[in-house]
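The values are calculated or read from the model by the stated rules, or taken from the named source; none is laboratory data. Note that the structure is a prediction, hence the values are computed from the model and not measured. When we count neighbours, we look across all protein chains shown, and the Cβ atoms used for this are built from the backbone with ideal geometry, even at glycine. Ligands, DNA and RNA are stripped out before the accessible areas are found, and what is left, the full protein with its side chains, is counted by its heavy atoms. Shrake-Rupley method; radii C 1.70, N 1.55, O 1.52, S 1.80 Å.
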Amino acid sequence: MAKILVIGSGGREHAIACAFGQFGHTVFVSPGNPGMSGDAILAPKMDFEAIAKYVKENEIELVFVGPEQPLADGIVDYLQERGIDVVGPSQMAAQIEGSKAFAKDIMKRAGVPTAGYHVFERFDDADAFLQTSDYPQVIKADGLAAGKGVVIAQDYDAARSALEAMMQDKVFGESGSRVVIEEFLKGWETSVFAFSDGEHFVSTIFSQDHKPLLDGDKGPNTGGMGAYAPVRSAEKYRERIDTEIFEPVLKTLREEGCKYKGVLYAGLMITQDGPKVIEFNCRFGDPETEVVLPLLKTDLYKISRAILDEKIDEIKLNWDPGYAVTVVAASGGYPGTYEKNMTIQIDDGLRHKIFYAGVGQDGDHLVTSGGRVMMVTAFAPTIDSARQAVYEDISRVHFDGMQYRRDIGAKDSSNL
Ligand code: AMP
Ligand code: GLY
């Protein structure tokens, strides 16, 4: 059994820790959160240097990086140079998420189906383009913006205010000094991960995030309010997704000296012309991980080793045949401003699993400390029974201001 350090602190990292723990490995998580303490050993929040020291001192055999920020900051390059085994893409390869212009450019050269686009670095050029465009248009800040840097503008006025916010008011900081303006794609959305060793890859089951705050996909976009897996209606596109999307993009990265080793997330729109890429992320999705990893019946440590050894083609992923549904319990006011330090109370009788995200500790009880507080997750043989189970469980969770969507996994999007 191995000793593993997971980097990150959210529901995704809690699910990653459980995926390793399920196979008997010892899991440390930095910084984690107090809600994970039953599933992992909490390590302090550390900079790269301290992480390298901690790994050596605790004889950790593998580091697995959850979130995009440390990847974009080069954690993999740093640790590798010090002889530490770490799963995740290099800083250069992580640009597939860190810069939308980089991602679009790679997709173009790889011939990967995606929305048509233009990149602008000057406000006046972008504005001139928007004045003569058809609508809707999709306006994206180039850099990382915590999933909030995308505006679907229905007319010129909305497009111009989005542009002003990103390029002039810098609401996303330097992330908005360059913008990508994209064709609006019609269809239904799904996401899928590839485990890539740089040379080969294997793709996972499909899942579906629910990004808007309110039922019926209304309200502002969030980091994700819930997810379910598997999305069986996406299976018929798997071969096309593997051969028209993952294979060419990984090959192009490799040929350009930017081998991609780690988890590659593809956010897809299934359009009338087939699957097209909305975005790539350089990591597992959140909250998709909370439904995909609990269904994975292959040891994530074995998968990680195969990624490092460039033997992922020897791995066959096994899946539980059932369904998972996760519902995010969020603080009142999220995704805007919200209060923290609300006491969390959980009644007896919880039947499934909670992955904790924005929680802290006050004495002997958990309190809220973030926008997305926890991901209540249930598993069952059918999607309907998993939905029923997750809503039974979440009715046992209480904190002041708590909000959640009631319709996670309720629609079969492929019929839209
Ligand atoms: P992203 O942060 O790139 O995942 O975008 C957030 C959400 O905006 C996506 O989940 C889609 O629902 C929507 N979106 C992004 N790009 C497009 C596009 N080109 N056409 C239609 N919807 C889009
Ligand atoms: N669930 C979308 C993301 O992780 O970016």
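Collect the residues in the stretch 97-156 that are part of a helix (DSSP H, G or I) and farther than 20 Å from P248 by Cβ, keeping them in residue-number order. Before you say what the answer is, go through the steps one by one.
Pass one, the stretch 97-156, residues part of a helix (DSSP H, G or I): 97-98, 100-110, 123-131, 156.
Listed by number, the residues that qualify are G98, F123, D124, D125, A126, D127, A128, F129, L130, Q131, Y156.
Among the residues of the stretch 208-219, those identified as within 15 Å of ligand 2 (Cβ to nearest atom), more than 12 Å from the chain's Cα centre (by Cα) and in a strand (DSSP E or B) are P212, L213.
This table checks each residue for (1) under 20 Å from the mean Cα position of the chain (by Cα); (2) modelled with pLDDT under 95.
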| site | (1), (2) |
| --- | --- |
| K316 | no, no |
| T326 | yes, no |
| T337 | no, yes |
| D364 | no, yes |
| V376 | yes, no |
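Rundown of residues vs (1) closer than 30 Å to V292 by Cβ; (2) open to solvent by 60 Å² or more (accessible area, probe 1.4 Å); (3) within 16 Å of ligand 2 (Cβ to nearest atom), yes/no style:
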{"position": "D134", "(1), (2), (3)": "no, yes, no"}
{"position": "Q137", "(1), (2), (3)": "no, no, no"}
{"position": "A145", "(1), (2), (3)": "yes, no, yes"}
{"position": "E164", "(1), (2), (3)": "no, no, no"}
{"position": "M167", "(1), (2), (3)": "no, no, no"}
{"position": "S177", "(1), (2), (3)": "no, no, no"}
{"position": "V192", "(1), (2), (3)": "yes, no, yes"}
{"position": "F206", "(1), (2), (3)": "yes, no, yes"}
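Looking at the stretch 79-92, is at least one residue at pLDDT below 95 and in a loop (DSSP other than H, G, I, E, B)? No, the stretch 79-92 contains no residue that is at pLDDT below 95 and in a loop (DSSP other than H, G, I, E, B).
Would it be correct to say that K236 is over 17 Å from the mean Cα position of the chain (by Cα) and either over 29 Å from M92 (Cβ atoms) or within 12 Å of ligand 2 (Cβ to nearest atom) (or both)? Criteria met by K236.
Going through T289, T271 one at a time, which residue ends up being β-branched (V, I, T) and within 12 Å of ligand 2 (Cβ to nearest atom)? First the steps, then the outcome.
Working: T271 fails: within 12 Å of ligand 2 (Cβ to nearest atom).
Matching residue, one of T289, T271: T289.
Given the structure, is A128 more than 10 Å from ligand 1 (Cβ to nearest atom), of a type in the set (A, V, I, L, M) and open to solvent by 40 Å² or more (accessible area, probe 1.4 Å)?
Details: more than 10 Å from ligand 1 (Cβ to nearest atom): yes; of a type in the set (A, V, I, L, M): yes; open to solvent by 40 Å² or more (accessible area, probe 1.4 Å): yes.
Against the criterion (more than 10 Å from ligand 1 (Cβ to nearest atom), of a type in the set (A, V, I, L, M) and open to solvent by 40 Å² or more (accessible area, probe 1.4 Å)), A128 qualifies.
Of everything in the stretch 66-87, what is open to solvent by less than 10 Å² (accessible area, probe 1.4 Å) and either in contact with a Pro (Cβ under 9 Å, 6 or more places away or on another chain) or hydroxyl-bearing (S, T, Y) (or both)? Give them in sequence order. Across the stretch 66-87, the qualifying residues are L71, V76. Can you name the residue in the stretch 179-207 that is of a type outside the set (S, T, N, Q), more than 14 Å from ligand 1 (Cβ to nearest atom) and assigned to a strand (DSSP E or B) and, of all such residues, is nearest to the chain's Cα centre (by Cα)? That would be F193. Among the residues of the stretch 371-412, the ones that are open to solvent by 20 Å² or more (accessible area, probe 1.4 Å) and over 22 Å from D348 (Cα atoms) come to 9 in all. For the stretch 260-309, filtered to residues that are among the basic types (K, R) and in contact with a strand residue (DSSP E or B) (Cβ under 9 Å, 6 or more places away or on another chain), the residue that is nearest to A110 (Cα to Cα) is K276. Can you confirm whether F355 is more than 16 Å from ligand 1 (Cβ to nearest atom) and at pLDDT 95 or above? Judged against the criteria, F355 is a match. T368 meets the conditions (1) crowded, with 23+ Cβ neighbours inside 10 Å; (2) within 30 Å of W319 (Cβ to Cβ) in every case but one. The failed one is (2).
When T337 is tested against (1) open to solvent by less than 20 Å² (accessible area, probe 1.4 Å); (2) in a loop (DSSP other than H, G, I, E, B); (3) β-branched (V, I, T), only condition (1) is not met. Looking only at residues of the stretch 20-31 that are touching a Phe, Trp or Tyr at 6+ places or on another chain (Cβ under 9 Å) and open to solvent by 10 Å² or more (accessible area, probe 1.4 Å), we find that the one that is nearest to E57 (Cα to Cα) is F28.
For V6, the conditions (1) crowded, with 23+ Cβ neighbours inside 10 Å; (2) part of a helix (DSSP H, G or I); (3) touching an Asp or Glu at 6+ places or on another chain (Cβ under 6 Å) all hold with the exception of (2).
One residue stands out in the stretch 208-233 among those that are hydroxyl-bearing (S, T, Y) and surrounded by fewer than 24 Cβ atoms within 10 Å (Cβ to Cβ): the one that is nearest to W188 (Cα to Cα), namely S233.
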